[in-house]
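The values are calculated or read from the model by the stated rules, or taken from the named source; none is laboratory data. All figures in this text were calculated on a predicted structure; none of them were measured in a lab. Note that each Cβ is placed from the backbone with ideal geometry, even for glycine, and that neighbours are counted across all protein chains shown. Each accessible area value is taken on the protein alone, full model and side chains, heavy atoms only, with ligands, DNA and RNA left out. Shrake-Rupley method; radii C 1.70, N 1.55, O 1.52, S 1.80 Å.
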Amino acid sequence: MRAVGTSDRARRTGPARTGGKGREEPEILEGLARDIVSRLSATLFAEDDVPVFARTRGEPATEAEEPPLAGRPRAGEDVVTRRERPDLSGETPPARAAGRESGFRRDLPAGGRPVLRALDPAGTDRPALLVRGTVRSGRQVRHNGDIVVLGDVNPGAQVVAARDIVVMGTLRGMAHAGATGDHTAVVAAFRLCPTQLRIASYVARPPEEPGGHPEYPELALVRDGVVVVRPLTTGMLSRLGPDSLSSDPVSSTIRRGP
Amino acid sequence: MRQPGQVIVITSGKGGVGKTTATANIGTALALLGHRVALVDADIGLRNLDVVMGLENRIVYDLVDVVEGFARVRQALIKDKRFEGLYLLPAAQTRDKSAVSPLQMKSVCDELKADFDFVIVDSPAGIEQGFRNAIAGAERAVIVTTPEVAAVRDADRIIGLLEADGMAEPQLILNRIRHQMVRRGDMMDIDDVIEILAIDLLGIVPEDEAIIVSTNRGDPAVTSSASRAGLAFKNIARRLRGEVVPFLQLDEARGLLARLSRIMKLSSG
């Protein structure tokens, strides 16, 4: 964890500013992305620990009746799996949202809920990057748009995208979606068991479950200031809704920690 | 005119997983099968292969002498004390990896493969120049790993580097498997390792105390018929030359031993 932060910090260049609205040259955007990522890393890794991400287990229908398990991990308590109703459109009970707030950075507008974006990047001026084959340890794939990996992402490998990341295989390494600040970005994988997940300024690690990761595709997104992992079903994809975010991901505000 | 041999690099990324032991045993096993084999120690500055082969006291010239023009390849090659057709090109102990360039290494390998059926290069640990040298002349790569998370991680990195270098389909040796620990769930499963690394399995070598004894004695384990690891390395050598050999059933051996010990107990009790 520290090592990642340190190396990112080492790459840090001076602060960059932008006044435009998505009119920058790709190189400038790229540089900006790197800068923001490194700054994010520098602040994020100042925290003692990376919070555990919440995972919604099982089929949505069977989960619907269960009450949510609120609360953030106490010191020394690693295994935290938060179950919640996999209802993407409904209101979130405040207790749940508040439960983990202190463990995460919140950069959502007050009272608002994340705007979910479709996986389909139609209409974007930044095409997706398709990576064929396994991304092995030591390799880093960066792209100022969406990244699709036709293969596995192994431990020690990093995939960093300005927008969504889709892994058509097993994600075991680190994935950072929305790396330029887009907190509506998602990470989808055939098998989701990452070393660490980052979405915009949110960082989470998987719960240390004895049973391992589920044997079905999952999708990670930020909901109410928490990285949540849900079973990936066609139903939920259709509810992700259209891309309603600004075309300029850099314009998303990134706040420093309290 | 004879067909040129093939150059195979044995590498791992992580140190201590059994590259040198694998090189010595596979080379010896191939010589036992009647092939002409040259072993090349690319670990300049930390040479070990000569010790494991029991040939340390015969070194006159080494790899660095060859690339610097002080000796011809033929002069530096040491003939094995046991097997016809088995030779060692030792590394220099007094220099370091920068004494040889990948290009020089490639020309040495090319020269060797004109004379030998198999040229087996023992790579140093790491991903720096020593590794670059070791793979420079090789057309095949064998990755050695143990079922430990760190070793598998490094093996994965090495596979990525080899792929980037254009090396076709590296193969995997899974070394030091302890079947009982795997069964208890205390050791990574063979399938887990294969799933992550996603390359062809060349062989599975069980943990075997005989390896430590034979390594210290300078007598590769394949020369002993009693060693399970030696048998595994013999099978690997046969697969390297294209034979189809079924994998050792690790639990079967345990079963036989257990049965034997039960019989012993019955007769004594």
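Among the conditions (1) in contact with a Gly (Cβ under 9 Å, 6 or more places away or on another chain); (2) within 14 Å of chain B (Cβ to nearest Cβ); (3) polar (S, T, N, Q), A:Q140 misses just one, which is (1).
Taken as a whole, region B:1-16 holds no residue that is surrounded by fewer than 18 Cβ atoms within 10 Å (Cβ to Cβ), hydroxyl-bearing (S, T, Y) and part of a loop (DSSP other than H, G, I, E, B). Hey, among B:S101, B:S123, which residue is surrounded by fewer than 16 Cβ atoms within 10 Å (Cβ to Cβ) and away from chain A (no Cβ under 14 Å)? One residue alone meets the criteria, B:S101.
Among the residues of region B:52-85, those identified as outside any loop (DSSP other than H, G, I, E, B) and either buried (at least 16 other Cβ atoms within 10 Å of the Cβ) or of a type in the set (S, T, Y) (or both) are B:V52, B:E56, B:L63, B:V64, B:D65, B:V66, B:V67, B:V73, B:A76, B:I78. Of the residues B:F233, B:F247, the single one that is in a helix (DSSP H, G or I) and at pLDDT 90 or above is B:F233. Name the single residue that is surrounded by the fewest Cβ atoms within 10 Å (Cβ to Cβ) among those in region B:151-165 being more than 8 Å from chain A (Cβ to nearest Cβ) and farther than 14 Å from B:N175 by Cα. Per the criteria, the residue is B:A164.
Taking the condition in contact (Cβ under 8 Å) with a residue 24 or more places away in the chain, in a helix (DSSP H, G or I), in contact with a Gly (Cβ under 8 Å, 6 or more places away or on another chain) and open to solvent by 10 Å² or more (accessible area, probe 1.4 Å), does B:R95 pass? Here the answer is no, as B:R95 does not meet what is asked. One residue is enough: does region B:138-147 have a residue meeting the conditions touching an Asp or Glu at 6+ places or on another chain (Cβ under 9 Å) and within 11 Å of chain A (Cβ to nearest Cβ)? No, region B:138-147 contains no residue that is touching an Asp or Glu at 6+ places or on another chain (Cβ under 9 Å) and within 11 Å of chain A (Cβ to nearest Cβ). Residues in region B:166-195 that are away from chain A (no Cβ under 13 Å), of a type outside the set (D, E, K, R) and out of contact with any strand residue (DSSP E or B) (no Cβ under 8 Å at 6 or more places or on another chain): B:G166, B:Q180, B:M181, B:V182. Only residues that are assigned to a loop (DSSP other than H, G, I, E, B), open to solvent by less than 10 Å² (accessible area, probe 1.4 Å) and not polar (S, T, N, Q) were counted across region A:147-178, and they come to 5. Condition check for B:L30 on (1) in contact with a Pro (Cβ under 9 Å, 6 or more places away or on another chain); (2) surrounded by 21 or more Cβ atoms within 10 Å (Cβ to Cβ): one failure, at (1). For B:A198, the conditions (1) touching a Ser or Thr at 6+ places or on another chain (Cβ under 8 Å); (2) farther than 30 Å from B:R95 by Cα; (3) in contact (Cβ under 8 Å) with a residue 24 or more places away in the chain; (4) within 14 Å of another protein chain (Cβ to nearest Cβ) are fulfilled apart from (3). Checking B:P246 against (1) under 30 Å from A:G133 (Cβ atoms); (2) surrounded by 14 or more Cβ atoms within 10 Å (Cβ to Cβ); (3) away from chain A (no Cβ under 14 Å), which single condition isn't satisfied? So B:P246 meets the others, but not (2).
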